[in-house]
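Comments concern the structure below.
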Amino acid sequence: MQSFWSNNSEHNLRNSLTKNIKADAVVIGAGMAGILCAYRLMQNGVNTVVLEASRIGSGQTKNTTAKITSQHGLIYSKIINNFGLKEAHNYALSNTIAIDEYEKIIKKNKIDCDFKRASSFLYTKADDDKINDEYKAAKELGINANLTDNTELPFKVKVALEFKNQGMFNPIKFLMPLAENMNIYENTKVTQLIDNKVVTEKGSVTAKYIIIASHFPFVNFPKMFFMRMHQERSYVLAIKTDKKIENMYYGIDGDGLTFRGYKDMILLGGYSHRTGECIGDKYKLLTNNAKIYYPDYTEVARWSAQDCMTLDSIPYIGRFTKNNDNYFLATGFNKWGMTGSMVSSMIISDLITGRKNNFIGTFSSDRKVTSIAMKNLMKEAEQSVKGLSSQIFVPVQNNLNAIPLGEGKIVEYKGKKAGVYKREDGKVFAVSSRCPHLGCQLEWNNTEKSWDCPCHGSRFDYRGNLIDNPAQKNNKLK
């Protein structure tokens, strides 16, 4: 299933890297974060190469709802409680600047990407205490916010928190013109990093600075980000209807939905869950809501997104380790990848060019570990142990005959523990039940017909082809 952005965008294929080259900097990943980092470095005279395993914008960027906002759920009351006012102010200011930076780049480069300013709302149908706490935090930080119960939503809300002067756009129409004059190699998968050399399947790039902007870092050590993040999936419908929505909305309730308008469409989303723990058909839940709220709707597209979620809800941006001046990373955007990508480009380019940036400490992966982060770290460890134990110790409960048509299960197949999908025509497809990343047992996602890792979020189609990292290779049954 392709997103609306993907369905309406084409670009010429870039060459793959087939030789050894040198540059000042190399960016791994040609999504929003990678392209923005490359853009800022090039603007500062840094000779930069971008390596992309697939196509430009083919990862998470194409699946965003493209809200450019500093309103990131119930974030500011949380940061104030865990880190204090200073860090909360830095988070708010950096993301506010990020919105302005998008507008500056769009105007400077005359990019037609349907950028517009709009308000962003948090809303609830039930619990106004959390909204009120977030409002107090926003006002304490000087954010232009107000409370209201008047929205464009097709139902009544108890209260909504409005952040004014936010932004939204078409991310692919922005990305492609920005990337046009960059030195980008597509279909060029990075296989390993050796000191200051990035090795791919057919060539290498030697550079002083290496930026890992590949969504989930594929370098496991020494930072062990697989213990410090998990991944979540969420789902979107693009629908046409006579009703319009001009702004952006994010529901904080357990079943809360997200809304944003785009031309004559509404993007309706929600029902997020930890990757590998998909229960029920999420698209059916969305279509049920669409039928209730917009009975005359026509579906244009449907797609899903995958997001890296950090222990304390703040991204990891900056040096890979505090003692390494050569490796940098941008990850853990917690579902707010548009502003997160821009903040990453500002911090990383300033670190490389030696410019002062007051936000570096706030987003550093070496920041203080709070009590909440420690509790979440223990949860991640438990999840990993559970996934590994399931693979090693839990016996197979099903056989091939127990698999209904159109579904997948872990079974014994040709003498091995395997993930088997039985297509509607009865044809069987088998993959290893073991994730090639760190060995957790995969789980079947019937909504998307994929095998997903509940530990770290790697995903594979029913044939075993890699969809999402941190795994770096396909998952075939040996």
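The values are calculated or read from the model by the stated rules, or taken from the named source; none is laboratory data. Just so it is clear, the model here is predicted, and its values are computed rather than measured. Heads up, the Cβs are rebuilt from the backbone with ideal geometry, glycines too, and the neighbour counts pull from every protein chain shown. Quick note on the areas: whole protein, heavy atoms, side chains included, nothing else; ligands and nucleic acids left out. Shrake-Rupley method; radii C 1.70, N 1.55, O 1.52, S 1.80 Å.
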Legend entry - Gap separating the Cα centres of the stretch 288-349 and the stretch 14-80, nearest whole Å: 11 Å
Legend entry - Spin-label proximity, residue 165 to the stretch 96-120 - amide N less than 13 Å from point 7 Å beyond Cα toward beta carbon: 96-101, 117-119
Legend entry - Full-extension gain in nm, residue 129 to residue 155, via 0.36 nm per residue minus C-alpha separation: 7.4 nm
Legend entry - Only Lys, Arg (+1) and Asp, Glu (-1) charged, at Cβ; the chain dipole about Cα centre in debye: 1100 debye
Inset, instruction - Have a look at the DSSP beta bridges in the chain and tell me what percent are antiparallel, nearest 5. - result: 75 percent
Inset, instruction - Classify the chain as rounded, prolate or oblate, taking a ≥ b ≥ c as the square roots of the eigenvalues of its Cα gyration tensor: rounded when a/c is under 1.5, otherwise prolate if a/b is larger than b/c and oblate if not. - result: rounded
Inset, instruction - Label the stretch 35-74 by shape, choosing from rounded, prolate and oblate, from the square roots a ≥ b ≥ c of the eigenvalues of the Cα gyration tensor; if a/c is under 1.5 it is rounded, and otherwise prolate applies when a/b is larger than b/c, oblate when it is not. - result: oblate
Inset, instruction - Using only protein heavy atoms and a 1.4 Å probe, report how much of residue 101 is accessible, in Å² to the nearest 10. - result: 30 Å²
Legend entry - Computed FRET value (nearest 0.05) for residue 206 with residue 355, which takes r as the C-beta separation and R₀ as 41 Å: 0.95
Legend entry - Accessible surface ranking that places the most exposed of 320, 4 first, with a 1.4 angstrom probe: 4, 320
Legend entry - Extreme residue, positive dipole direction of the chain, given options 373, 294, 193 (C-beta unit charges): 193
Legend entry - Euclidean distance of C-alpha centroids, the stretch 159-191 and the stretch 403-443, integer Å: 35 Å
Inset, instruction - Run down the aspartates and glutamates and flag those whose C-alpha is under 20 Å from the C-alpha of residue 116, throwing out any fewer than 8 positions away in its chain. - result: 100, 101, 103, 152, 162, 246, 264
Inset, instruction - Enter the accessible area per residue of the chain (Å², integer; probe 1.4 Å; all protein chains in place). - result: 42 Å²
Legend entry - Percent carbon-and-sulfur accessible area, the chain, ignoring ligands, DNA and RNA, probe 1.4 Å: 47 percent
